[in-house]
Amino acid sequence: MPTNSPPQVPAAPEEDTAERRDAADRRDPDARRDAGQKVTGTARYAAEHTPPGCLHAVPVPATVARGEVTAVHADELLRRPGVQAVLSHTNAPRLGEAEDPTLALLQTARVPHRGWYVALVVADTLENARAAADDLRIEYATEEHDPGPPAGHPGLYAPEEANGGHPGLRERGDFDAAFATSAVRVDATYTMTAQHNHPMEPHAATAWWEDDALTVYDSSQGATKVRDVLAQLFQMPRHRVTVVSAYVGGGFGSKGTPRPQAVLASMAALHLGRPVKLALPRRELAAVVGHRAPTVQRVRIGADSDGVISALAHEVVTQTSTVKEFVEQAAVPARTMYTSPHSRTSHHVVALDVPTPSWMRAPGEASGMYALEAAMDELAVATGVDPVELRLRNEPDTEPDSGRPFSSRGLPECLRQGARLFGWEGRDPRPGVRRAGDRLTGTGVAASTYPYLLSPSSASAHAAPDGTHLVRLAATDIGTGARTVLARIAAEALDVPPASVRVELGSSALPRAPLAGGSSGTSSWGWAVHKACTALAGMVRAHSGPLPPEGLTARADTAEEAGRESPYARHAFGAQFAEVDVDTVTGEVRVRRLLGVFATGRVLSRRTARSQFIGGMTMGLGMALTESSTLDPAFGDFAERDLASYHVPVCADVPALEAHWIDEEDPHLNAMGSKGIGEIGIVGTAAAIANAVHHAVGVRLRDLPLTPDRLLPHLRA
Amino acid sequence: MDDAGATSGSRTFREGGTEERHPDPTSFVSLRINGNTHELRLDNRTTLLDTLREHLDLTGAKKGCDHGQCGACTVLVGGRRINSCLVLAVTCDEPVTTIEGLADHDRLHPLQEAFVARDALQCGYCTPGQICSAVAMLDEAAAGHPSHVTPPGRPGAGDPELLTPEEIRERMSGNICRCGAYANIVDAIQEAAR
Ligand code: FES
Ligand code: FES
């Protein structure tokens, strides 16, 4: 078969530009830079380095929901062949102050929630370590625990800030009065269970000490950050710690902050004076690497009979742990999306004896836009205005909350393009009327949004006499395509072919760079790369004759650029369209089609961008239909802890997916004109699917995920 | 008994006498992997996956769950796809092919090529398992094995024309990709199957 020839692309109608672009993306000749290593199994992830004498560690999670460890019976195990150490709060190295209290591991006897690590067994082989960890007897003094639920909990409070530094509460105008006098009112409460990141590579680290220097191969989204934190915990200068995150098997936020594996492996290696490798078992991840907290979201919209919004309230109730405050900022997107002269957006949170939530792909946006966009669909039904048209009617002139002008706002264009590509026009709005045999069919739409974020970064660029170039920075490619896109940015700034540019990333020994998170990697790293390469190009131009043997090097830092306050509201937008079948006998929802159109500034690498969009949409499908997590009140921990019980989408769940984008020129962003694309794909997907389910069955179900047990009672009635 | 190692790929035997009170918990294992024979002493509890990753430095097979729930560890044993985390190395007596053994020297296997061409991966952690799984899946389909979505009465899916995206999606559902590359994975497999 002709594997090297481009895939056959059917001729697209001349006017169908977005479809033609989609075909062009697929033909993009610039393959992902590390694809060769990944398809041959030669890309090495954190646990795939085995320094000589390496030992294996297996952590031991607490089995009680709250209390204290009173005894760790290590002696029994230390007599066993192969067992090298049992670390617990009684003997583990003392750590410096942990900025993130989830990293204060094995420091005290306290058990804040079930699954919290209380010991670490180290042995010569994985088999010996695992067996010993299983057998380690630990005694606890247990205490009453409070597993929630948060709704109506007396401990609820209004946090000053939600995640991302957003104010917990914002009010404009007089919501209550405006809502009370609105011609049309929607008042609906939406819930979703916790969701778990579950990157395919479990969190893993290999650590060793040599001459007072620590080296850690860590599965993380940012080597610089992990390096800084380890230096602080082990109270040593940063230059004596090196963290390598060269290949990372996904993170989706759960590897955005340093996680227990890096600390535990470093501790054990220090304690034993030998290299130690540790991969957290899959079933333990839910308790220790963060998750999207469950939310209860009440959305009220008051509008006139044409659907123009005057009053909008988005009120979020969620939970955090007693270890640290993390507030899923689900009410924040309502501050940006629609005309709303009278608005209240608020968060309330309660600290429970449960695992600590954290970032999961598009924290705040993914959860909040489910509720807001489902409520918009309810408003469309209530006013009889088409859902696409309804959103167009509520386009604000400036960002409602800040009053700032948008640097660019592609939502209307995404909605129009998407409607055309999806075949939305002429849709019969009546719910519950398209039946074929046992199946009901429906379509739905929802908007997407994600803020444009930027962090300072540094980078160096080198021109060698042989005409090649090397770009270096401590960026991380967690599958986003950072290697690929940064080479392109460099090549463009240097005006050389991308093939002449090599990108070295994934180590804290390289110029300091922010983590892969907040969809800000490409913008943050890319700007520093662009700046370094632009400077290098100038140096090369100014140089006469052949380059010196050591070549030329330029360095750049974007602290100043990134620190500048923008007078604009800067966000990416998108529109997602879904078609579903609902089986009225089994209650199963099958997505037939999913189509997204996104406006994310300039797209720098078509192929990896498309993969990011469809990857996000796929995760959104899971959020809508399959990813269900139960907080067991008896244990204060999650019941679905492995991949057999927590159902992430599999291949058969994912239908024909289409991701398109519009060419958006935005001069107010960065040197490349790019917004982030890693997270927006998951935003709005769940609402589009849930809205399609309503259109199919005629019943509004407001609790995610829409599993068969939730649908069946309504289908049989 | 004849040494069947050349054809069956491996043999295992227990060291030490039967009258020992504490039998040696290790075994000598001979494994045939990617055409090479490896003789090693292993803890009897060692899975094929851990043998590959921790003893033979063949880290292409990935550990996603260690419980047969994700497919990241998929390798070919006797040409069939299996979750190597569910196999004890001492029981493995057929030749093993891992992702490292698929390419013909520098020439990638057509499926590897197609995965690159269609960007059927992001983080790459599920990718070796996806590709090994797809290799065996295409053989299963060619041999006429039906799947859950094969219409009753169809004479098997051996005809590539019958290997629809729906068939591929069904047959590949034992391999999870959290990055959500499924749409491209299906395209890649279809392309390679042609
Ligand atoms: S690691 Fe074997 S199936 Fe997941
Ligand atoms: S490519 Fe990351 S899990 Fe499949």
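Worth a mention:
- Label sites at residue A:73 and residue A:42, each approximated as a point 7 angstrom past Cα along Cα to Cβ, lie 5.1 nm apart.
- Axial C-alpha extent at least 20 Å, average Kyte-Doolittle at least -0.5 - helices from chain A (DSSP): A:365-383, A:521-542, A:606-625
- Karplus-derived 3J(HN,Hα), 6.51/-1.76/1.60, for each residue of segment A:42-47, Hz, glycine and proline x: 9, 5, 9, 9, 4, 8
- Karplus-derived 3J(HN,Hα) values for segment A:561-576, using 6.51 cos²θ - 1.76 cosθ + 1.60 with θ = phi - 60°, are 4, 6, x, 5, 6, 9, x, 10, 8, 10, 8, 8, 9, x, 9, 10 Hz; glycine and proline are entered as x.
- Taking the charge dipole of segment A:55-140 about its Cα centre, with +1 at Lys and Arg Cβ atoms and -1 at Asp and Glu Cβ atoms, the residue from A:65, A:85, A:132 reaching farthest to the positive side is A:65.
- Leading residue at positive end of dipole, chain A (Cβ point charges), from A:341, A:102, A:151: A:102
- Here residue A:305 and residue A:395 are evaluated by their C-beta separation; at R0 = 25 Å the FRET efficiency comes out at 0.85.
- Residues A:66, A:702, ranked from the fewest to the most other C-beta atoms within 10 Å, line up as A:702, A:66.
- For residue A:332, distant residues with modelled amide H under 5 Å away: none
- Sequence of A:617, A:236 once ranked by neighbouring C-beta atoms within 10 Å, starting from the fewest: A:236, A:617
- For residue A:96, the residues whose amide H sits under 5 Å from its own are A:234, A:235, ignoring neighbours fewer than 5 places away on the same chain, with H placed 1.01 Å from N.
- Its Cα centre serving as origin, segment B:110-193 has a Cβ charge dipole (Lys and Arg +1, Asp and Glu -1) of approximately 280 debye.
- Cα centroid separation - segment A:281-296 against segment A:307-345, whole Å: 23
- Pairs from the list A:225/A:324; A:277/A:324; A:38/B:62; A:255/A:324; A:324/B:62 with a Cα-Cα gap above 23 Å: A:277/A:324; A:324/B:62.
- Which of A:646, A:167, B:97, positive extreme of dipole for the protein assembly as shown (C-beta unit charges): A:167
- Annotation for segment A:396-458 versus segment A:520-554: alpha-carbon center distance of 40 Å.
- The charge dipole of the protein assembly as shown, taken about its Cα centre with unit charges on the Cβ atoms of Lys, Arg (+1), Asp and Glu (-1) only, comes to about 600 debye.
- In this Cβ point-charge picture (+1 for Lys and Arg, -1 for Asp and Glu), segment A:129-274 has a dipole of about 600 debye about its Cα centre.
- Backbone phi angles across segment B:116-128, fed through the Karplus curve with coefficients 6.51, -1.76 and 1.60 (θ = phi - 60°), yield HN-Hα couplings of 5, 4, 9, 6, 8, 6, 10, 5, x, 6, 8, 5, x Hz in residue order; Gly and Pro are listed as x.
- Cα gyration tensor shape of segment A:64-134, rounded if a/c is under 1.5, else prolate or oblate by comparing a/b with b/c: prolate
- Extension gain (nm, one decimal) between residue A:171 and residue A:144, 0.36 nm per residue minus Cα-Cα: 5.9 nm
- The overall shape of the protein assembly as shown, judged from the alpha-carbon gyration tensor, is rounded, with an a/c ratio under 1.5.
- Shape category assigned to segment B:110-193 from the gyration tensor of Cα positions, a/c cut at 1.5: prolate
- Longest to shortest principal axis, alpha-carbon extents of segment A:661-708, angstrom: 48, 17, 13
- Around the amide H of residue A:242, modelled in the peptide plane, lie the amide H atoms of A:214, A:215, A:216, all under 5 Å away and 5 or more residues distant in sequence or on another chain.
- Residue separation of residue A:541 and residue A:464 scaled by 0.36 nm, minus their Cα-Cα distance, works out to 26.3 nm of gained length.
- B:177, A:54 arranged by Cβ crowding within 10 Å, fewest neighbours leading: A:54, B:177
Here, each number is a calculation from the coordinates, and none is a lab measurement. These figures come from a predicted structure and were not determined experimentally. Note: ideal-geometry Cβ built from the backbone for every residue, glycine included; neighbour counts use all protein chains shown.
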